[in-house]
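Okay, so here's the structure we're looking at.
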Amino acid sequence: MITINRRSYWLFPALILAQLIGCREDDILGDFKRGDYHIVVAGSYDGTADYIGSGSACEKTVADYRRLIEAHIAMLSDITRHDFPGPAPLRFEFKMALWDRIRNYLVLRYYAPLAHDTIYAGYQLFFVCEVERKGLVRIYSSEVPLE
């Protein structure tokens with residue numbers, strides 16, 4: 001039996017919160033750390049989404065997802081190499097957030113340019129997140145042709 005004295009009541013909620021935060025990060029990126037790429041699809045996002053600018057109601061949620069993704073930014077090159085084995089380590093940058101009103105998805109676009117390529121400008125990743133369940137639904141990986 002575990003005994004908790006009155007002075008340590010604050011510790012229990014803090015431990016639970018820390019576990020929940022850890023679980024959320026593991027849910028989003030844990031599969032990739034274990035080499036499981038089942039949610040990665042070659043191609044562009046297939047939904048209809050609107051650009052979200054700064055000051056939107058989703059700004060905090062976008063910032064939370066960005067923090068989790070960008071804490072492991074090197075993994076984005078690994079995700080791209082899953083479908084496109086040729087590229088060297090890529091330097092991905094966040095480009096925009098989109099909102100799919102029909103599916104209630106938040107979509108984050110990351111882009112990495114390619115230098116000196118005659119066919120492709122770079123690679124892009126679309127992270128599709130389900131806001132209500134706070135999880136990653138799919139990642140779309142594609143080449144961006146030169147225009």
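The values are calculated or read from the model by the stated rules, or taken from the named source; none is laboratory data. What you are looking at is a predicted structure, and each value in this text was computed from that prediction instead of being measured. Backbone-built Cβ (ideal geometry, glycine too); neighbour counts: all protein chains shown.
Residues checked against (1) under 24 Å from LYS33 (Cβ atoms); (2) acidic (Asp, Glu); (3) not in a strand (DSSP E or B):
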| position | (1), (2), (3) |
| --- | --- |
| ASP78 | yes, yes, yes |
| ARG91 | yes, no, yes |
| ARG103 | no, no, yes |
| GLU132 | no, yes, yes |
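Note on the range 113-135: among residues that are farther than 21 Å from SER54 by Cα, within 16 Å of the chain's Cα centre (by Cα) and surrounded by fewer than 19 Cβ atoms within 10 Å (Cβ to Cβ), the one that is modelled with the lowest pLDDT is ARG133. Just the residues that are over 20 Å from GLY55 (Cβ atoms) and surrounded by fewer than 21 Cβ atoms within 10 Å (Cβ to Cβ), please, taken from the range 91-103. Scanning the range 91-103 gives ARG91, GLU93, ILE102, ARG103.
If you go through the range 69-84 and pick out every residue that is surrounded by 14 or more Cβ atoms within 10 Å (Cβ to Cβ), aliphatic (A, V, I, L, M) and out of contact with any strand residue (DSSP E or B) (no Cβ under 9 Å at 6 or more places or on another chain), you end up with 1. Considering the range 136-147, and only residues there that are touching a residue at least 60 places away in the same chain (Cβ under 8 Å) and more than 16 Å from THR80 (Cα to Cα), the residue that is surrounded by the fewest Cβ atoms within 10 Å (Cβ to Cβ) turns out to be VAL137.
Considered as a group, the residues in the range 57-76 that are touching a helix residue (DSSP H, G or I) at 6+ places or on another chain (Cβ under 9 Å) and in a loop (DSSP other than H, G, I, E, B) include one that is farthest from LYS33 (Cα to Cα), and that residue is ALA71.
Only one entry in ILE69, ILE79 is within 19 Å of GLU93 (Cα to Cα), among the β-branched types (Val, Ile, Thr) and free of Cβ contacts under 8 Å to residues at least 60 places away in the same chain, namely ILE69.
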